[in-house]
Amino acid sequence: MISADHITGLILAGGRAQRMGGIDKGLIPFHGKALIESAIQALKSQVGQILINANRNITKYSIYGYPVIVDEAPDFSGPLAGFLAGLKVCKTPYLVTSPCDSPLMPPDLCAKLAEELESGNYQLVYASTKEASGKIWAQPVFCFMRSDVKSSLKEFLSKGDLKIDNWFKELRTSTVIFENAKAFANVNTPEELQHLEAMSK
C-alpha cells in the first residue's frame, strides 16, 4: 500500500479559463472562499505534500503556504505542461494531479488510483466516471503517476503534441471508474459555478 507521505499532490491552476471570461478560476469565490481552497482541503489529507501550478497571480496563490510552480513555456500549454512542471520538482515517488476547479473531489481518489497502479504495475492511472446512461467518461486531469514518467513526458512535449490522451498511449495506463460523477464536476462557465454551489450546499 502506498502511503500518503510518498505522494505529492499537484493542483492545476495554470489555465486561461477562456469560457469564464479569462478570470483566474482558482481564485473565483465558491461558497465564499476561493475555489482552490476547496481543492486544497480535499487533497491535503490524501498526500504528503502539495504543489500549486499557476501561470499568473503567483503572489495570491502563494499565500496558501505551498510552493507555486509555473510552466516552462509561457503560452498556457495545457495540463501536460503543468504535469511536467510538477514532476520536475516532485521529491516523492508518486504524483497525483487535480484541477483547481473541481471542489467536490472524492476523499478516496488517491487510495483508489494508487491501489490500481500497484495491482497492475502501471505507470499512470486516471479517473473515469460513469453516467446514469452507463456511458464512461475519462477524467484525465485526475491522475496518479509514478514520478519517473518525467522523461517520457519531456520527450513527448518536445515533439509539440499537447494532447493528454496521446501521451497516455505511450505509457502503461489504466483507469478507475468512480460511480459518483458529480464528484468530478468542474467550473467552466458562470452557470456551472452557480449549479455547483447549489449542488454542494
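The values are calculated or read from the model by the stated rules, or taken from the named source; none is laboratory data. From a predicted model like this one, the values you see are computed outputs, not experimental measurements. Quick reminder, even Gly has a Cβ in these numbers, built from the backbone with ideal geometry, and neighbours come from all protein chains shown.
Annotations for the structure displayed:
- Checking each residue in the stretch 1-52 for being modelled with pLDDT under 95, assigned to a strand (DSSP E or B), more than 13 Å from the chain's Cα centre (by Cα) and surrounded by 17 or more Cβ atoms within 10 Å (Cβ to Cβ) picks out 30, 34.
- Total residues in the stretch 165-190, condition under 11 Å from residue 138 (Cα atoms) and either part of a helix (DSSP H, G or I) or of a type in the set (A, V, I, L, M, F, W, C) (or both): 6
- Hits in the stretch 132-173 (condition: surrounded by fewer than 17 Cβ atoms within 10 Å (Cβ to Cβ), under 21 Å from residue 110 (Cβ atoms) and of a type in the set (Gly, Ala, Ser)): 138
- With respect to the conditions (1) at pLDDT 95 or above; (2) over 16 Å from the mean Cα position of the chain (by Cα), residue 66 falls short on a single one, namely (2).
- Filter pass, residue 111 being assigned to a strand (DSSP E or B) and either within 21 Å of residue 12 (Cβ to Cβ) or among the aromatic types (Phe, Trp, Tyr) (or both): no
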